[in-house]
Amino acid sequence: MSTYAIVGAGLAGAKAAQTLREEGFTGEIVLIGAEQERPYERPPLSKGYLQGSTEVAKVYVHEPGWYAEHDVRLLLGVAATAVDPEAHTVHLDSGERQPYDKLLIATGATPRPLPVDGADLEGVHYLRTLADSQALRAAFAHQGNVVVIGGGWIGLETAAAARQAGCAVTIVEPEPTPLHRTFGPAVGEIFAELHRRHGVEVLLGVSVARLEGAGHVRHVITSDGRSLPADDVVVGIGAAPNVELARGAGLEVADGIVVDASLRTSHPDIYAAGDVAEAMNPLLGRPIRVEHWANALNGGPAAARAMLGRDVVYDRVPYFFTDQYELGMEFSGDITGHDRVVYRGPVESLEFVAFWLRENRVLAGMNVNVWDVTDDIQALVRAGRAGTAVDPARLTDPGVPLGDLLPGPA
């Protein structure tokens, strides 16, 4: 009987195990997770669960009995310490050696630590795990001064949650706008203004010099000499993929574990999916590592099918979403190489669609409080990547259905 092992009991790993069973695999499945919690989804940790609107039971991928019912051996609180590709064995910190015929590495990423003095003080928080989110919920309940370091997704979503809990919030971001590298300056400024309207102080173009406090953080000192009062600090300055197992096993590693379009690594019996994988995306024509929920949701099943010998080409349009205050947003595509941004609807109303274009080809689209258009946006992105241009005047006209801009059948 074949054994398929999955290292990483997050969304990608759990969905891979589910897909293996749904696709008819009858061998042994071993799902190995370093946390004590059964697999759960991460978006609620910075959104609904952190805000108190989502019950903890809703964050889990499966019901507690699902794994036993589907004959999935779930090892929790056990870390994989090494992979021996020649022996087809995973070494665990329990001392056990888990054999496998095929292996999926879905070990995710770890928040980057803040590299300044005082970063080890109490009250300095990172957000990756359910326990981290629970700690932040408790901290925000005190309604104190919260300084958020980093204007990316984690920073903005935790800032919104803290503000909605009644905290005084300051965001410190060294780039000219939040999400500057993700969206560019114009769209980044939309998010900065959103937070300002809700009473958040947004400090741009400055970094953190050090944290001060006696045991517990009390002040954040910025690069321009300001001293910000801080009862709690949230650090959201990016995440590093957990590639140590792959590197130790001699697999090819770049920004993440290098995989082809079928999510296979440089070893034929080892695959990688989720945050840790740098996958060749045929749609974009280049490797890309995506740290978002949809990539784990779709990448785990794609890897499972590839492990079963199916013909898999993982060419999903990158997708992510956010909820901050009254703003709900979905983004599809990749803005790399764009030459302009155009808008469909008034930006000030927070009900619009932004498109990133290159030579009038749609590279990416972001729908803000406009719903049921993601499929059309992704189809426009695919058409744009294939070389199809659109008329910007029609693209930005809310009276023209997006579906009318799609190319007809060849």
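The values are calculated or read from the model by the stated rules, or taken from the named source; none is laboratory data. Note that the structure is a prediction, hence the values are computed from the model and not measured. Cβ coordinates were reconstructed from backbone atoms using ideal geometry, including for glycine residues, and neighbour counts include every protein chain displayed. SASA here: full protein model, heavy atoms, side chains in, ligands and nucleic acids out. Shrake-Rupley method; radii C 1.70, N 1.55, O 1.52, S 1.80 Å.
Quick notes
- Selection count where residues are touching a Lys or Arg at 6+ places or on another chain (Cβ under 6 Å) and either crowded, with 18+ Cβ neighbours inside 10 Å or polar (S, T, N, Q) (or both), scope segment 308-351: 2
- Within segment 270-282, residues that are more than 12 Å from residue 252 (Cβ to Cβ) and open to solvent by less than 20 Å² (accessible area, probe 1.4 Å) reach partners that are modelled with pLDDT of 95 or more and acidic (Asp, Glu) with beta carbons closer than 8 Å, at six or more positions or on different chains, in the pairs 279/260; 281/315.
- So residue 146, is it outside any helix (DSSP H, G or I), among the aliphatic types (A, V, I, L, M) and within 29 Å of residue 10 (Cβ to Cβ): yes
- Members of segment 241-297 found to be touching a helix residue (DSSP H, G or I) at 6+ places or on another chain (Cβ under 9 Å), part of a helix (DSSP H, G or I) and among the small types (Gly, Ala, Ser), listed by number: 246, 274, 296
- Residues within segment 121-139 that are among the β-branched types (Val, Ile, Thr) and either open to solvent by 30 Å² or more (accessible area, probe 1.4 Å) or touching a helix residue (DSSP H, G or I) at 6+ places or on another chain (Cβ under 8 Å) (or both), tallied: 1
- Positions within segment 61-84 being buried (at least 16 other Cβ atoms within 10 Å of the Cβ) and either touching a Lys or Arg at 6+ places or on another chain (Cβ under 6 Å) or acidic (Asp, Glu) (or both), in sequence order: none
- Those residues of segment 201-224 which are part of a loop (DSSP other than H, G, I, E, B) and either open to solvent by 60 Å² or more (accessible area, probe 1.4 Å) or in contact with a Leu (Cβ under 9 Å, 6 or more places away or on another chain) (or both), in sequence order: 213, 214, 215, 217, 218, 223, 224
- Of residues in segment 298-346 being hydrophobic (A, V, I, L, M, F, W, C) and part of a loop (DSSP other than H, G, I, E, B), the one farthest from the chain's Cα centre (by Cα): 308
To keep it simple, each residue is scored yes or no on (1) on the phi > 0 side of the Ramachandran plot; (2) assigned to a loop (DSSP other than H, G, I, E, B); (3) open to solvent by less than 20 Å² (accessible area, probe 1.4 Å).
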site	(1), (2), (3)
5	no, no, yes
14	no, no, yes
26	no, yes, no
45	no, no, yes
50	no, no, yes
54	no, yes, no
57	no, no, no
86	no, yes, no
